[in-house]
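Below is one structure, written out as structure tokens; comments come after it.
The values are calculated or read from the model by the stated rules, or taken from the named source; none is laboratory data. Values in this document were obtained by computation on a predicted structure and should not be read as measured data. Cβ sites come from the backbone with ideal geometry, for glycine too, and all protein chains shown count toward neighbours.
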Amino acid sequence: MKRREAVGAMAMAALTAAFKWTPAEAQRAATLAREALTATTPFAPAFFTPHEWDTVRVLADLVIPKDERSGSATEAGVPEYMDFMMTDRPDGQVPMRGGLAWLDNEVYERLGKTFVAATPQEQTTILDEIAWPKKAKPEMSQGVAFFNMFRDMTASGFWTSKMGITDLNYQGNTFVAEWKGCPPEALQKLGVRYGD
Amino acid sequence: MRLATQSSPVDVLIVGSGAGGGMATYALTRAGVNVTVLEAGGPWDNTTDSAMFTWPYQSPRRGASTKDRPFGEFDGCIGGWDIPGEPYTVARGDKFRWWRARMVGGRTNHWGRISLRFGPRDFKAKTFDGLGDDWPISYDDVAPYYDKLEQLVGVFGSKENVPNAPDSIFLPAPKPRCYELLVLDAARRLNVTCIPARLSILTRPLNGRAACHYCGQCNRGCKTNSNFSSTNVLIAPALKTGKLTLRTNAMVREITLDRTGRASGVIYIDTTDGSEHHIEARVVVLAASACETSRLLLNSKSPSFPNGLANGSGTVGKYLTDTTGTDAGGFVPKMMDPVPHNHDGVGGMHVYMPWWLDNKKLDFPRGYHIEVWGGTGLPEAGFGGGIQEQNGGGYGKQLKNDYRRYYGAYVGFSGRGEMIPNDGSYCEIDPRVVDKWGIPVLRFHWKFTDHEYLQVKHMQETFRALITEMGGTPWGNMPSKEDGYGIAAGGVIIHELGGARMGADPKTSVVNSNCQTHEVKNLFVADGSPFTSQADKNPTWTIMALSMRTSEYIAAQLKARTL
């Protein structure tokens with residue numbers, strides 16, 4: 001089929017030329033993502049201090065850990081994503097830096113050590129107090145606001161990574177020769193069907 | 001320093017290359033007329049510049065917005081609400097935001113490709129309810145141009161015979177997505193008309209353009225030109241005729257006049273080096289967008305036009321409207337734990353709801369249509385944001401699994417309705433502020449009345465009823481009266497119309513029924529500015545039909561040597 005060949009060729013051209021069309025950052029992104037995934041050279045954060053970097057890595061993996069379906073936030077390059085966004089959107093710097101400091105202050109008051117130095121159980125004890133906005137005590141409101149932001153950034157970074165998109169089983173962003181609607185299983189699940 | 005750029009006048013000079021300018025360019029070059037187009041922004045070609053098929057992880061930003069791509073870095077439209085060096089001002093206490101595109105194709109690189117004909121009633125709405133003004137032309141005057149437009153550009157849809165939502169010459173509509181069937185069922189139970197969408201995306205090959213491949217990324221610009229953009233569907237073929245000279249980075253400052261009071265050309269600034277140029281033309285067509293066209297006319301002052309060119313009526317910049325808009329979304333439990341499948345579809349909704357009610361039984365005039373969104377799309381920056389509003393929050397394996405379960409488990413509705421022109425909504429030249437080229441900028445005034453507020457209230461009530469009917473829970477509470485029931489600020493829907501409105505009476509309008517200014521015979525307007533009224537439809541389709549109509553008039557007049 002001539003048309004089929006033609007559309008196939010277009011799809012191939014589109015895929016192979018992908019890098020050329022993306023902004024210049026895409027190049028850097030690909031490099032970053034590869035570095036983050038293979039970890040051949042240690043990543044040097046542009047925004048986070050070494051201590052903040054350690055905290056971010058621990059915290060991100062507490063938010064999205066490895067499970068039977070996919071890896072953890074750090075394995076998906078989430079801390080690197082956060083570091084980039086901090087320089088890309090400077091408005092987020094104070095809430096991030098301040099929130100990490102708030103977390104350390106809170107743990108230090110209680111245990112005399114930093115968040116990363118605390119045991120996993122001690123870490124989750126504090127998270128339990130800020131991760132559930134409706135159940136949190138009023139005096140924890142700053143921690144709740146920080147954790148809402150940090151959870152959002154972790155999710156944004158994780159689920160837009162190759163690992164995250166594969167985990168979600170997203171099947172699009174591709175060439176579909178003919179649109180036939182949704183498959184019967186999907187319709188059945190929603191209790192809907194196509195008419196005549 | 002002013003430089004002359006050509007030795008003899010061009011036939012037709014068009015300011016702007018978007019929907020209106022692109023169509024004028026296409027139609028006039030087809031008619032054998034030599035055309036020069038001045039575009040304020042830079043070059044763009046979807047076949048080479050689009051980010052189609054890019055994965056979010058190919059950028060460190062994961063698709064988040066940038067300064068010149070407010071709708072995401074992969075978006076195919078360069079521009080925004082705030083362009084460096086090109087300010088505008090808003091009167092104290094008013095709210096207005098002005099979106100501008102700066103690229104070949106203008107805002108056709110941005111729009112949702114919702115392509116709706118205005119209906120017979122939309123041209124004569126005052127006759128029905130006494131508000132605003134009737135157009136000097138009727139649906140029958142425009143219908144032949146809608147026909148030609150649809151055969152040229154292509155639009156999918158279905159024959160439905162909905163009152164005042166005329167059917168087009170349609171390509172087949174794509175089947176609804178699964179969640180859209182859920183919306184259809186809910187709408188049916190609530191007696192809300194819900195029909196296949198009408199978008200200018202090709203579901204069959206047309207005029208050498210390939211059919212859609214259903215990647216859902218029309219907003220990034222289509223590399224196969226399967227959707228409409230002025231850039232690749234109008235400008236590109238016009239260039240092939242050899243009749244078009246396209247100058248990009250050309251910011252027009254002023255329209256010039258000759259001694260007899262005819263337009264003689266324009267002065268523009270080459271934004272790459274700041275140099276100023278005068279270009280002469282036999283006919284000038286303004287298609288710079290409703291507000292930019294008003295600005296150009298108001299800034300073109302002369303002894304014979306002290307208040308701005310073609311502004312003897314004092315109505316340039318007046319009768320400015322935007323579409324009314326508000327949105328609501330909600331969580332739909334039935335859509336949790338989705339069955340994995342690709343339902344990207346076309347780059348937009350497959351179903352929509354045209355206006356379906358009788359205003360006699362309502363407390364507001366005119367109508368709105370409803371756009372539909374939801375489901376499991378391509379994850380991009382912001383994915384899963386605010387999940388605590390749905391699942392309470394948390395972290396760890398439970399949270400990770402919640403993200404999967406809630407993925408795409410929502411629907412949303414956007415109401416887009418008709419605003420009535422009012423005396424408090426207009427633009428004028430700011431007496432103090434100039435842009436970086438020294439061109440005086442616009443100052444906006446904006447007021448909504450109860451006509452708009454009550455209409456938007458009705459939208460919110462309808463959306464919430466639909467979500468509830470689907471077994472869902474709306475996000476957030478119904479916006480209060482104090483919050484204007486959630487009405488979007490003026491300009492935010494990016495459907496500005498008016499400013500050089502059409503009318504039979506030169507005392508109360510700027511252009512005649514051919515979009516020719518009453519006062520300067522060789523000056524025409526071919527964008528959203530001649531609209532006498534809004535409608536409950538997106539304006540682009542009518543902008544193009546009118547531009548085609550005006551262009552045919554210009555070509556005929558040039559041929560008859562009467563211009």
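Annotations for the structure displayed:
- Of the residues making up the range B:524-541, not a single one is part of a loop (DSSP other than H, G, I, E, B) and farther than 27 Å from B:TYR146 by Cα.
- One residue stands out among those in the range B:1-56 that are assigned to a strand (DSSP E or B) and modelled with pLDDT under 95: the one that is farthest from the other protein chains (Cβ to nearest Cβ), which is B:ALA4.
- Residue among B:ASP94, B:ASP75, B:ASP82, B:ASP133 that alone is acidic (Asp, Glu), over 30 Å from B:ASP358 (Cβ atoms) and in contact with a helix residue (DSSP H, G or I) (Cβ under 7 Å, 6 or more places away or on another chain): B:ASP75
- Condition met for A:GLY99 (outside any loop (DSSP other than H, G, I, E, B) and either of a type outside the set (D, E, K, R) or closer than 24 Å to B:GLY382 by Cα (or both)): yes
- Of the helices (runs of 4 or more DSSP H) lying entirely inside the range B:288-406, those carrying at least 2 residues that are touching a helix residue (DSSP H, G or I) at 6+ places or on another chain (Cβ under 9 Å) are B:388-391, B:396-406.
- When each of B:ILE420, B:ILE387, B:ILE370, B:ILE429 is tested for being under 24 Å from B:THR321 (Cβ atoms), buried (at least 18 other Cβ atoms within 10 Å of the Cβ) and over 21 Å from the mean Cα position of the chain (by Cα), the lone residue that passes is B:ILE429.
- If you go through the range B:123-168 and keep only what is of a type in the set (Asp, Glu) and in contact with a strand residue (DSSP E or B) (Cβ under 6 Å, 6 or more places away or on another chain), you end up with just B:GLU160.
- Of all residues in the range B:157-178, exactly one satisfies the criterion of being free of Cβ contacts under 8 Å to residues at least 60 places away in the same chain and not in a loop (DSSP other than H, G, I, E, B), namely B:LEU171.
- Qualifying residue in the range B:94-101 (condition: aromatic (Phe, Trp, Tyr), within 14 Å of chain A (Cβ to nearest Cβ), under 30 Å from A:GLY92 (Cβ atoms) and within 20 Å of the chain's Cα centre (by Cα)): no
- Of all residues in the range B:57-93 being assigned to a strand (DSSP E or B) and of a type in the set (D, E, K, R), the one that is nearest to the other protein chains (Cβ to nearest Cβ): B:ARG69
- The range B:451-471 residues that are at positive phi, paired with ones that are assigned to a helix (DSSP H, G or I) (beta carbon under 7 Å, 6 or more apart): B:GLY471/B:PRO333; B:GLY471/B:LYS334
- For the range A:28-77, filtering for residues that are modelled with pLDDT of 95 or more and among the polar types (S, T, N, Q) leaves 5.
- One residue alone among A:ALA117, A:ALA101 is more than 7 Å from chain B (Cβ to nearest Cβ), under 22 Å from the mean Cα position of the chain (by Cα) and within 18 Å of A:GLU52 (Cα to Cα), and that residue is A:ALA101.
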